[in-house]
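Accompanying notes for the structure given below.
The values are calculated or read from the model by the stated rules, or taken from the named source; none is laboratory data. None of these values were measured; they are calculated from a predicted model. Using ideal geometry, Cβ is built from the backbone for each residue, glycine included, and neighbour counts are taken over all protein chains shown.
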Amino acid sequence: MICPDANDLQDLVRELHQQGSTWVPCGLGSRLDWGPPLQDCLPVSCGGLRGIVEHKPGDFTISVRAGTPLLEVQEALAPHRQWLAVDQPWGSQRLGSGSVGGLVARGLAGGYRQRYLGIRDQLIGLSLLRADGIAANAGGRVVKNVAGYDLMRLFCGSWGSLGLITELNLRTLPLAPMRRGLLVQGALNELGALSQWLLGSRLSPERVDWWSAPLAAAAGLEAAPLLLIALASISTESLAEQQAAIAAHSRLPLRQLEAEALESLLACARGDEAMPGAGRHQAGAPDDDLGSEPAWLLRLGVSPDQVPQALASPELEGLVIDLAAGSGLGLAWTPAGAGARGDLQPEAVLRLRQQCQRLGGWLTVLHQPLGHAVPAWDDAPSRPLIERVKHQFDPQRQLAPGRLPGVAKP
Ligand SMILES: Cc1cc2nc3c(=O)[nH]c(=O)nc-3n(C[C@H](O)[C@H](O)[C@H](O)COP(=O)(O)OP(=O)(O)OC[C@H]3O[C@@H](n4cnc5c(N)ncnc54)[C@H](O)[C@@H]3O)c2cc1C
């Protein structure tokens, strides 16, 4: 991987274009190997594009260079009691939080999407370098923008296949002064009824996440499916009111978590740590730490109303799974050397993919053990359109060879 200085980047991209070389834009290289394997190409890091260009606390906007680590942005916003309303990515403790450019290029969000929507909804503008080295801009620096072609959303989830993002203008949000978690464990149908009511209610939880029994066990909890609800508000009274409303609709007991305990559980759900004394001694728990390199890391989605059915299906049984209730999107993984499903075979992953498709979703393989070659994703119905867009941006097919979202074999 090369990490050019910010001032040299455009010249380098022009040169690569003239030479017809293949290359891939990357952030800090923390998760570059996730997804379809790249064919021979030069990774060009944005690590030299670092720092905050401008933060306007009064406007709730921030402009950052693409290679800036997500944590650095959150740290700069915290003294202003603001934040970028996104989760930390999976594996942050081991891999780092990654760059903001990489976050947008992958276009994926976690459970906070329930209240704050996805990263593409926080994005108000971006600057980029095209494959031929020409600089371009999309959107602007203010929340209200003139309408036009929405290039920003095209680059969200582009996986480096359309161009190199150099700068981003993002919306920030005030940090809620009060946070609390609620844990509910029990039968899937009862959790399903509670989740359905909650998502349709006038309450606005920050997140409502489904955990499979093995994830609960690995976090030191009873090995049973659970709903993790996060509430945020300006006062403890309001939190108590929300909690009382939820308790009134739940046939299962609620366990209250203060903000710190909630954070620890969220760290477990992104594979960062097991709760103290947790996991391997519990029935159904994986044998290994959640924080180790996963054998399999799968991104999956099902229709939100099908989540309980998905968790009950034999194909998903025994997997460590975290799915957002409102979107049905999340991750499943098998810790390396894990007993329960660490030995997951490719055929089982393909069956899992079919099951997700039957339940209205899909499955992407982000990481798999050496020697396996399950296709990361299938062709999307819009493949012809995706390929036409790719041709417009990168006619010489220089960028991210072997990797085009929605196209199984580019
Ligand atoms: C809650 C949450 C959940 C997430 N879930 C997933 C998930 O399930 N799967 C997943 O793959 N990612 C997911 N992400 C995104 C992941 O966090 C980012 O990939 C990572 O943060 C980027 O790290 P990096 O800067 O080291 O990028 P790298 O690892 O270097 O690159 C990551 C990807 O982004 C592209 N890229 C990076 N920077 C640029 C740039 N400046 N211009 C153009 N392309 C670029 C690369 O080509 C590569 O495809 C999630 C993020 C969050 C916050």
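In this structure, is residue 223 farther than 26 Å from residue 393 by Cα and surrounded by 23 or more Cβ atoms within 10 Å (Cβ to Cβ)? So residue 223 does not fit the description; no.
Residues that are under 13 Å from the mean Cα position of the chain (by Cα) and among the hydrophobic types (A, V, I, L, M, F, W, C) were ranked within segment 113-133; the one that is farthest from the ligand (Cβ to nearest atom) is 117. When restricted to residues that are in contact with an Asp or Glu (Cβ under 9 Å, 6 or more places away or on another chain) and either among the charged types (D, E, K, R) or buried (at least 21 other Cβ atoms within 10 Å of the Cβ) (or both), segment 42-60 contains 2.
When you scan segment 148-156, do you find a residue that is farther than 15 Å from residue 30 by Cβ and more than 23 Å from the chain's Cα centre (by Cα), even just one? Can you show your working first?
Of all residues in segment 148-156, those farther than 15 Å from residue 30 by Cβ come to 148-156.
When the remaining residues are screened for being more than 23 Å from the chain's Cα centre (by Cα), the result is 148-149.
The answer is yes; a qualifying residue exists.
One residue is enough: does segment 218-240 have a residue meeting the conditions within 30 Å of residue 383 (Cα to Cα) and in a strand (DSSP E or B)?
Filtering segment 218-240 down to residues within 30 Å of residue 383 (Cα to Cα) leaves none.
Scanning segment 218-240 turns up no residue that is within 30 Å of residue 383 (Cα to Cα) and in a strand (DSSP E or B).
Against the numbered list (1) at pLDDT 95 or above; (2) within 30 Å of residue 174 (Cα to Cα), residue 225 comes up short only at (2). Output yes when any residue across segment 44-51 is closer than 25 Å to residue 368 by Cβ, modelled with pLDDT of 95 or more and of a type outside the set (A, V, I, L, M), and no when none is. Yes - at least one qualifying residue is present in segment 44-51. For residue 154, the criteria (1) more than 13 Å from the ligand (Cβ to nearest atom); (2) over 24 Å from residue 304 (Cα atoms); (3) of a type outside the set (Ser, Thr, Tyr) hold in every case but one, which is (1). On the given criteria, is residue 110 assigned by TED's automatic domain parsing to the domain that holds residue 26, at pLDDT 95 or above, in contact with a strand residue (DSSP E or B) (Cβ under 9 Å, 6 or more places away or on another chain) and within 11 Å of the ligand (Cβ to nearest atom)? It is false that residue 110 is assigned by TED's automatic domain parsing to the domain that holds residue 26, at pLDDT 95 or above, in contact with a strand residue (DSSP E or B) (Cβ under 9 Å, 6 or more places away or on another chain) and within 11 Å of the ligand (Cβ to nearest atom).
If we scan segment 83-91, do we find a residue that is crowded, with 17+ Cβ neighbours inside 10 Å and either over 15 Å from the mean Cα position of the chain (by Cα) or among the aromatic types (Phe, Trp, Tyr) (or both)? Give the steps one after another, and end with the answer.
Taking segment 83-91 as the starting set, the residues that turn out to be crowded, with 17+ Cβ neighbours inside 10 Å are 83-91.
Subsequent filtering for residues that are either over 15 Å from the mean Cα position of the chain (by Cα) or among the aromatic types (Phe, Trp, Tyr) (or both) retains 83, 90.
Looking for residues that are crowded, with 17+ Cβ neighbours inside 10 Å and either over 15 Å from the mean Cα position of the chain (by Cα) or among the aromatic types (Phe, Trp, Tyr) (or both), one finds at least one in segment 83-91, hence yes.
Scanning segment 68-106 for residues that are more than 7 Å from the ligand (Cβ to nearest atom), touching a Lys or Arg at 6+ places or on another chain (Cβ under 7 Å) and in contact (Cβ under 8 Å) with a residue 40 or more places away in the chain returns 91, 92, 95.
Scan segment 157-166 and give yes if some residue there is within 16 Å of the ligand (Cβ to nearest atom), under 30 Å from residue 238 (Cβ atoms) and touching a residue at least 24 places away in the same chain (Cβ under 8 Å), otherwise no.
Initially, segment 157-166 is screened for residues within 16 Å of the ligand (Cβ to nearest atom), giving 157-166.
Among the residues that remain, those that are also under 30 Å from residue 238 (Cβ atoms) are: none.
No, because not a single residue in segment 157-166 is within 16 Å of the ligand (Cβ to nearest atom), under 30 Å from residue 238 (Cβ atoms) and touching a residue at least 24 places away in the same chain (Cβ under 8 Å).
Among the residues of segment 64-87, those identified as polar (S, T, N, Q) and either farther than 20 Å from residue 45 by Cβ or in contact with a Cys (Cβ under 8 Å, 6 or more places away or on another chain) (or both) are 74, 82.
The set of residues from segment 23-41 being under 17 Å from residue 165 (Cα atoms) and either of a type in the set (Gly, Ala, Ser) or assigned to a loop (DSSP other than H, G, I, E, B) (or both) comprises 27, 28, 29, 30, 31, 32. Which of the residues belonging to segment 9-18 are exposed (fewer than 12 other Cβ atoms within 10 Å of the Cβ) and of a type in the set (D, E, K, R)? 11 - this is the single residue of segment 9-18 that is exposed (fewer than 12 other Cβ atoms within 10 Å of the Cβ) and of a type in the set (D, E, K, R).
For segment 317-332, indicate whether the set of residues that are over 26 Å from residue 159 (Cα atoms) and crowded, with 18+ Cβ neighbours inside 10 Å is non-empty. Working first, answer last.
Initially, segment 317-332 is screened for residues over 26 Å from residue 159 (Cα atoms), giving 317-319.
With the extra rule that they be crowded, with 18+ Cβ neighbours inside 10 Å, the set shrinks to 318-319.
Yes.
Residues that are in a helix (DSSP H, G or I) and either of a type in the set (S, T, N, Q) or modelled with pLDDT under 95 (or both) within segment 76-102 comprise 92, 93, 94, 95, listed in sequence order.
Would you confirm whether any residue within segment 103-124 is at positive phi and either surrounded by fewer than 16 Cβ atoms within 10 Å (Cβ to Cβ) or among the hydroxyl-bearing types (Ser, Thr, Tyr) (or both)? Within segment 103-124, one or more residues are at positive phi and either surrounded by fewer than 16 Cβ atoms within 10 Å (Cβ to Cβ) or among the hydroxyl-bearing types (Ser, Thr, Tyr) (or both).
Out of 22, 61, report the one residue that is within 13 Å of the ligand (Cβ to nearest atom) and of a type in the set (S, T, N, Q).
Working: 61 fails: within 13 Å of the ligand (Cβ to nearest atom).
None of the others qualify; the one that does is 22.
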